[in-house]
1. Return P(r) of the protein assembly as shown (all Cα-Cα pairs; 10 Å bins starting at 0; whole %; ordered from short to long distances).
2. Would you compute, from DSSP H runs of 4+ residues alone, the mean residue ellipticity of chain B at 222 nm, taking -39500 (n - 2.57) per run and dividing by the full residue count, rounded to the nearest 500?
3. Please list, by residue number, everything in segment B:345-385 whose backbone N is under 18 Å from a paramagnetic label point 7 Å out along Cα→Cβ of B:SER266.
4. Compute the relative contact order of chain B as a whole-number percentage, counting only Cα pairs closer than 8 Å that sit 6 or more residues apart in sequence.
5. Which whole-number percent is the relative contact order of chain A (Cα, under 8 Å, 6+ apart)?
6. Let me check against my output: what whole-number percent is the relative contact order of segment B:62-198, with C-alpha pairs under 8 Å and at least 6 apart?
7. Mind jotting down the three principal axis lengths of segment A:19-91 based on Cα atoms? Whole angstrom, largest first.
8. Any idea how far the Cα center of segment B:116-190 sits from the one of segment A:142-206, in Å?
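Every number here is computed from the coordinates shown, using simple stated rules; none is lab data. The shown structure was predicted, so the numbers you read here are calculated from the model rather than taken from an experiment. Please note: Cβ atoms are built from the backbone with ideal geometry, for glycine as well, and neighbour counts cover all protein chains shown.
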Amino acid sequence: MIKTKINHGERLVRSSLVLASIISIATTIGILFSILFQAVEFFQLKSFWYFVSGAEWTPGQQDSRFGALPIFAGTFMITAIALMVAIPVGVGSAIYMSEYASRFRRGLLKPILEILAGIPTVVYGFFAALTIAPAIVNIFETMGIDAAYNSALACGIVMGIMIIPVIASLSDDVLRAVPNSQRSASLALGMTHSETIRHVVVPSAMPGIISASLLGLSKAIGETMIVVMAAGLRPNLTWNPLEDMTTVTVRIVDSLVGDHAFDSPDTLSAFALGLVLFVFTLILNMLSLSQIRKFKLRYKVNTL
Amino acid sequence: MNPNPFYDPSLKYRHRSANLFKWFTRGSILFTLAFLLFFLFDMARTAYPALWQTYVKVDVSYNDKSARMTARAVSKKYRKIVSRAWLRTIPKQLEEYPELLGTTVKQWVLADDQVDQYLKEHHHNLKQKTISVVEELKIRNEIELQWNAVFFFRGDSKIPEYAGILSALVGSVLTLLVTMFIAFPVGVMTAVYLEEFSRDNWLTRLIEVNINNLAAIPSILFGLLGLAVFINLFGLPRSSPLVGGLTLALMTLPIIIVSSRAALRSVPDSIRQAGYGLGLTRVQIVQGHVLPIAFPGILTGSIIGLAHAMGETAPLIIIGMIAFIPDSPTTITDAATVLPAQIFTWAGMPERAYVEKTAAGIMVILLILFCLNAVAIYLRKKYEIKW
C-alpha cells in the first residue's frame with residue numbers, strides 16, 4: 001500500500017517537472033509563431049521581394065513602401081563599428097587576464113568586467129546620447145567635418161563597449177582552458193612569452209574566440225536601447241558612419257509605440273523585421289555553439 | 001662577430017614585439033577600466049545636482065480666490081518663480097487644513113525648474129526681469145537649494161521640478177515580484193528535471209538546445225511575444241506589471257536554469273548514493289538532500305537573473321510600460337512603469353531639468369543593481385562548499 005502511494009507521488013513530481021521544462025520550449029514556439037503569423041500577414045499586404053531589396057521605407061503614408069535595405073545597412077554599419085571596438089579590446093583584455101595578470105589582479109579585474117556587463121543598456125544609451133555623441137561632433141568639427149548628433153559612430157562605439165565583457169569573459173574562459181602543456185612546449189623551444197601566446201595559445205583557442213565574437217555580434221544586432229536613444233529614426237543608405245542611420249530594432253520600437261491599428265502594415269512591419277532578427281540571431285547562436293563544441297571536443301573540457 | 005654561439009640577431013626585434021604585444025593587452029584592459037571610471041564619474045557628476053532642489057520663501061495667501069485660480073496665491077512678482085505644480089496643490093491643502101483659509105503664510109515653497117537651473121548655473125531661459133527678482137531673493141537669503149525629497153517620494157510629472165521616481169520604483173518592485181514568482185519555480189524545476197531525472201532522450205536534448213537558444217534571443221523579441229500572446233491573445237491589461245512580469249520571467253528563465261543546473265551539478269554523487277543506500281526514493285533524495293545543498297548556488301543565480309530583469313527596458317517598451325504614471329500602482333493589473341523605462345522617458349524630455357533627473361535615476365538603478373550583485377557574491381562566498 002505504502003509503496004503505491006510513493007509511486008503516485010513520484011510520478012506526480014516527475015510529470016510536473018517535465019511540464020515546467022516544456023515551458024521553455026513553449027516560449028520559443030510562442031515567440032516564433034507570434035512573430036511568424038503577423039509577418040505572414042504583413043507579406044500578404046506588402047511584397048516580400050521589395051521588403052528585402054527595396055531602398056525606400058515610408059510608413060504612415062497613403063501609399064506606404066516597405067523596403068528594408070537601408071535598415072539592414074544601418075544595422076550592419078553600427079554592428080560593424082561595435083565589433084571593431086569590441087573584438088580587439090575584448091580579446092586583448094582576455095589575453096591579459098588569462099596570460100599576464102597575477103592571480104590577485106585577475107581576481108580584481110573579473111568583478112569589474114561583471115560590473116560593466118551588468119550596466120543596463122538604457123544607461124549606455126543615455127551616456128551615448130549625452131556624452132559620446134556631442135564629443136564626436138566636436139572632434140570632427142575641429143577637423144572641419146560635419147557629423148550628425150545621432151551618428152552611427154557614436155552608437156557603434158558605445159555598443160562596442162557594451163559587448164566587451166561578453167567577448168572578454170568567454171574568451172578568457174577559453175584561453176584558460178587551453179592545456180598548459182602547450183605553453184610549456186612552446187617556451188621550451190625558445191619562443192618568447194608573447195610568441196607563445198600569439199602562435200600557440202590563441203590559435204588553439206580560436207574556435208572559442210570566434211564563438212565569443214559571434215555571440216557579441218548577435219548581442220549587438222539585437223541591442224535595442226542604445227540605438228533607440230542614440231541612433232536616428234530615418235532609414236539612410238550610406239557608407240558614411242558620421243551620418244544618422246537606423247536599425248532593425250529602432251524601427252520595431254518605433255512602429256509599435258505609435259498609435260497605429262494593430263492590423264495596419266505599419267504595425268505589422270515590426271513583426272516582419274522581428275522575424276529577420278529572430279532568424280539572424282538564431283543562426284549566429286547556432287554557429288557560435290558549434291564553434292565552442294569544436295573547442296570542447298578538441299581539448300576535452302567540460303567546464304565551458 | 002659576436003662570441004656567443006647562441007646569439008640571434010633577430011632576438012632584439014622579437015623581444016620588442018613581445019613587449020609591444022604585452023602593452024597592447026595591457027592597453028585594452030586599461031581602456032575598459034578607464035571607460036568604466038569615466039562613465040561612473042560622468043554619471044555621478046550629472047546626477048549630483050538632482051539631489052538638491054531650489055526652494056523660495058514667499059507669502060502664500062490662502063483664500064477663495066487662490067483656491068480657484070491658484071496662481072493668485074502668490075504676488076505677481078513671484079509667479080514665474082514659484083512652481084506651478086506646487087501651486088496646484090493649494091486646493092488640496094485647503095481641503096486637508098481648512099483652518100488655513102483666509103490666512104497668509106510665509107513659507108518655503110518649491111521653485112520653478114528654470115529658476116532651479118539658473119541657480120545651479122545650467123542652461124536656462126529666464127527673462128532678465130525674473131533674474132533680477134531671483135538675485136534680490138538671493139540677497140535676502142530667501143531662495144536656497146534644499147534636499148530634494150520630491151525626487152524620492154513622488155511619482156512622475158510633466159513639470160520637471162515635481163517629477164520623482166517613486167511610482168517607477170513601485171512599478172519595478174511589482175513587476176519583479178511577478179517575474180520571480182513565475183521564473184524561480186519554473187526555472188528551478190526545469191533544472192532539477194534536466195540534472196536529476198531526465199534520461200538522455202530527444203526531449204531532453206530538445207530542451208537543452210532550446211534553452212541555449214532562448215538565452216541568445218534578443219530581448220526585444222520577448223516584447224513582441226508579450227504583445228502578441230499576453231495582450232492580444234489572452235487580453236491581459238496593457239502596460240500592467242502582470243504582463244511585464246510574465247514577459248521578463250520568460251526572459252530570465254534561461255539564466256536561472258543554467259545557474260541552477262551548475263549548482264545541482266556541483267553536489268557530489270556520494271550524497272545521492274548514500275540516499276539510495278538508505279532506501280530513499282529519487283524524489284526524497286532531491287527534495288531532502290540535493291536541493292538544500294545546492295540552494296545557495298540556485299539563489300545566487302536567481303538574484304543575478306533578477307538583476308538582469310531589473311535593468312531590461314526594450315521588451316517593456318513594446319508592451320507599453322512607458323506610459324505616463326504620476327501615481328504609484330497598487331495592484332499588478334494597474335498601468336505602471338518601471339525604473340529603466342522611466343529613465344528612458346526622462347531622457348527623451350526636452351527640458352534641461354530632466355537631464356539631471358535622468359542621471360539621478362540611473363544612479364539609483366546602478367546602486368540597486370550593485371547591491372543585488374553584492375548580495376549574490378556574498379551568498380556565493382558564504383555558502384560555498386569545497387568537497
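1. Taking every Cα pair in the protein assembly as shown, the percentages come to 3, 13, 21, 23, 18, 12, 7, 3, 1, 0, 0.
2. For chain B, the value works out to -19000 deg cm²/dmol.
3. Zone members listed by number: B:373-385.
4. 19 percent.
5. Contact order relative to length: 25 percent.
6. 17 percent
7. 45, 44, 20
8. Cα centroid to Cα centroid, the span is 41 Å.
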